[in-house]
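These notes concern the structure reproduced below.
The values are calculated or read from the model by the stated rules, or taken from the named source; none is laboratory data. Just so we're clear, the structure is a prediction, and the values are computed from it rather than from any experiment. Note that each Cβ is placed from the backbone with ideal geometry, even for glycine, and that neighbours are counted across all protein chains shown.
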Amino acid sequence: MIRTLIVDDEPLALDVMQSLLAPHGDVEVLGAYRSATQALKGINRLQPDLLFLDIQMPGMSGFEMISKIQPEQMPSVVFATAFDSFAVDAFNVHALDYLLKPIDPRRLEQSLDRIRGQLARTSENARAPAEKGRLVAALSELPEGKRKILGRSPEFVEKKLSIRDGQQTLLIAYDDIDWIDAAGDYMCIHARGATHIMRCTMKQLEAKLQDPRFARIHRSTLVNLTRIRSVVSLGKGESLLHLPDEVTLKVSRNFREALVDYLD
């Protein structure tokens, strides 16, 4: 049996993962935890073989949690994340597995097959330190700013932008905002396929956001760094950013410096 723990701060995500694992008769879910602190206690007590770990959790991120696990207790880890831009290269280089949310059952099956092979090939005494080493090596390749964004530090949790719309005020989660562009004294907030209009200047909006996940890439454009899927260099200091919904934004060379930690 593959003794397994699931860690995610969203109750629905825990339920979904348990449902997806249920048909796999060789997977035994020992526990499901909504915080890294609880999960660390579970790892110490239950000594699991496998950990499905959300990266973005309040209080202590998945990355921070990894650093606190003793090498001899380190289970195999499959990261679960909504972001597919920053960490994927490092994960691939060090043969670490990850699942993009929403989780595809076929992709989960591939992950489990991979874990089954690892468990069959390697003894527990050799596997745990090796797993810890690969995780530390992969995370060390991510600049601090990227780890901070992916880890969803406490100051990011539940931040929302308020937008007055007639008699109501909309609250748009920072995590849902893809990009923002200016149209005179109005700002267009593009969030998860919808566009919301806010009356203010770019300078006023930047002062209101005050959040390192947003960067100015043009005199009239802000982008949420966590929503970038890929970057294409155009030369002469300019780049194209690809976001969800086939959105492409150009990075002006005058604003490239603000993104150097994320694009280089």
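Some observations on this one:
- Matching residues, region 229-243, being crowded, with 18+ Cβ neighbours inside 10 Å and within 21 Å of the chain's Cα centre (by Cα): Leu241, Leu243
- Hey, Met17 part of a helix (DSSP H, G or I), modelled with pLDDT under 90 and within 27 Å of Gly117 (Cα to Cα) or not: no
- Qualifying residue in region 125-139 (condition: surrounded by fewer than 18 Cβ atoms within 10 Å (Cβ to Cβ), at pLDDT 65 or above and closer than 17 Å to Arg3 by Cα): yes
- Residues in region 187-228 that are closer than 19 Å to Thr169 by Cα, assigned to a loop (DSSP other than H, G, I, E, B) and within 19 Å of the chain's Cα centre (by Cα): Arg192 only.
- The single residue among Cys188, Cys200 that is outside the structural domain of Leu100 (by TED's automatic domain parsing), more than 22 Å from Leu100 (Cα to Cα) and free of Cβ contacts under 8 Å to residues at least 12 places away in the same chain turns out to be Cys188.
- Of the residues making up region 187-201, none is modelled with pLDDT under 85 and polar (S, T, N, Q).
- Residues considered: Phe79, Phe63. Of these, the only one that is buried (at least 16 other Cβ atoms within 10 Å of the Cβ), modelled with pLDDT of 85 or more, not in a loop (DSSP other than H, G, I, E, B) and not polar (S, T, N, Q) is Phe79.
- In region 229-257, of all residues being free of Cβ contacts under 8 Å to residues at least 24 places away in the same chain and assigned to a loop (DSSP other than H, G, I, E, B), the one that is farthest from Arg216 (Cα to Cα) corresponds to Glu246.
- Members of region 17-44 found to be farther than 17 Å from Met74 by Cα, surrounded by fewer than 17 Cβ atoms within 10 Å (Cβ to Cβ) and over 18 Å from the mean Cα position of the chain (by Cα), listed by number: Gln18, Ser19, Ala22, Pro23, His24, Gly25, Asp26, Glu28
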